[in-house]
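> Below is one structure. I have some questions about it.
The values are calculated or read from the model by the stated rules, or taken from the named source; none is laboratory data. This structure is a prediction, so every number in the text was calculated from the model and none was measured. Here the Cβ positions follow ideal geometry from the backbone for every residue, glycine too, while neighbour counts run over all protein chains shown.
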Amino acid sequence: MIAGVDEVGRGSLFGPVFAAAVVLCPDRPIRGLRDSKVLDPETRAELSRKIRERSVAWACAAADAFEIDRLNILQASRLAMKRAVERLAVACDYLLVDAVRVDLPLEQEALIHGDARCASIAAASIVAKVERDACMDAWDRVFPQYGLGRHKGYYTPEHLEALAAHGPTALHRFSFEPVRESCPESGWQGYPIPRQAELFTAAAADLS
C-alpha cells in the first residue's frame, strides 16, 4: 500500500501550508497526472475530482501560519505531510515523498522533483493545490484588499503593495521577511530554538 505525499504553499506569505497523501488504484488509472504547478486551474480541478473518485484512499491536511512561525516552513511542511498520511483511511506500507522525509515509522523514499517523476506524488500535489486554492479563495472574501484569490498568498508585486498599504493580517507568516518588513512593530521574536533560522536556511539550500 504505497502513498504519494506532497505539499503546496511553502513559498506563500499567507496562511497554511497544505499537504496531501494519495494511494492510487492500479486498476483505475488516471491520465494526465503532472506536477500541479504546470496545470491550469480547470485541469487541476478535474484531475482532483478523478483522484478522489478512483484512488484507494486520499487525505489532505495542513499546518497553519502560527505553526509555520513557530517551527519554520520546512518543519511545518513535514508536519502537514505527517498529518495527511495519518488521516488516510488505509494503513500504508511505504511512502513516496517529494524531496523530504516524513516523521513516521514507515519505509519511505524522498524523490527530488518527485511531483514530476511519480504519479502518486503528482496526484497528492494536485489534491493539495486544489484544496489550498479553495482556502485562499475563501480568505479572499474575508480580506479582499490583499488579492488572495488571484495570487494565492504568494510573493507578487500586488501582494507586496497590499502589505505596504494595509500591513499584514494575523494569518500572514511573520517569520517571512517581506511580512515583517511591512509591520516593523510585529511581535515575532524569531524561532524559539537558537540558530533555527540558520539551520533551516542550510537545509533549504541542500534541497534546492
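> Out of all the residues in region 84-93, which are buried (at least 20 other Cβ atoms within 10 Å of the Cβ) and in contact with an Asp or Glu (Cβ under 9 Å, 6 or more places away or on another chain)?
Passing the criteria: only Ala84.
> Moving on. Looking only at region 48-70, how many residues end up being closer than 17 Å to Ser175 by Cα and assigned to a loop (DSSP other than H, G, I, E, B)?
Taking region 48-70 and keeping what is closer than 17 Å to Ser175 by Cα, we get 63-70.
After this cut, where a residue has to be assigned to a loop (DSSP other than H, G, I, E, B) as well, the list is 64.
Count: 1.
> Something else now. Test Asp40 against the criterion of being under 16 Å from the mean Cα position of the chain (by Cα) and acidic (Asp, Glu), and give yes or no.
Numbers: under 16 Å from the mean Cα position of the chain (by Cα): no; acidic (Asp, Glu): yes.
Criteria not met by Asp40.
> Taking the condition touching a residue at least 60 places away in the same chain (Cβ under 8 Å), buried (at least 22 other Cβ atoms within 10 Å of the Cβ) and either acidic (Asp, Glu) or over 28 Å from His151 (Cβ atoms) (or both), does Leu33 pass?
Here the answer is no, as Leu33 does not meet what is asked.
> If you don't mind, another one. Restricting to region 40-56, give me the number of residues that are closer than 13 Å to Glu131 by Cβ and in contact with a Leu (Cβ under 6 Å, 6 or more places away or on another chain).
Residues flagged as closer than 13 Å to Glu131 by Cβ and in contact with a Leu (Cβ under 6 Å, 6 or more places away or on another chain) within region 40-56 amount to 0.
> Looking at (1) buried (at least 17 other Cβ atoms within 10 Å of the Cβ); (2) touching a Lys or Arg at 6+ places or on another chain (Cβ under 9 Å), which one does Ile51 not meet, given that it meets all the others?
Unmet condition: (2).
> Whether any residue in region 30-40 is among the basic types (Lys, Arg) and either part of a loop (DSSP other than H, G, I, E, B) or modelled with pLDDT of 95 or more (or both) is what I want to check.
yes
> Turning to a different aspect of this structure: Please note which helices (runs of 4 or more DSSP H) are completely contained in region 147-194 and include at least 2 residues that are within 16 Å of Gly11 (Cα to Cα) and at pLDDT below 95. Walk me through how you get there before you give the answer.
Details: elements: 148-151, 157-166, 177-181.
Once the helices (runs of 4 or more DSSP H) in region 147-194 are filtered for at least 2 residues that are within 16 Å of Gly11 (Cα to Cα) and at pLDDT below 95, what remains is 177-181.
> Now, a different point. Conditions first: (1) of a type in the set (A, V, I, L, M); (2) crowded, with 19+ Cβ neighbours inside 10 Å; (3) touching a Cys at 6+ places or on another chain (Cβ under 7 Å). Met81 passes all but one, so which condition is the exception?
Among (1) of a type in the set (A, V, I, L, M); (2) crowded, with 19+ Cβ neighbours inside 10 Å; (3) touching a Cys at 6+ places or on another chain (Cβ under 7 Å), the lone unmet condition for Met81 is (3).
> Then there's this: Among helices (runs of 4 or more DSSP H) lying entirely in region 71-142, which contain 3 or more residues that are of a type in the set (Gly, Ala, Ser)? Break it down stepwise before answering.
On the way: elements: 73-86, 114-117, 119-142.
In region 71-142, the matching helices (runs of 4 or more DSSP H) lie at 73-86, 119-142.
> Specify which of the listed residues (Thr156, Thr169) is farther than 26 Å from Gly32 by Cβ, among the hydroxyl-bearing types (Ser, Thr, Tyr), surrounded by fewer than 21 Cβ atoms within 10 Å (Cβ to Cβ) and within 18 Å of the chain's Cα centre (by Cα). Reasoning before the result, please.
Values: Thr169 fails: within 18 Å of the chain's Cα centre (by Cα).
Criteria check complete, one pass: Thr156.
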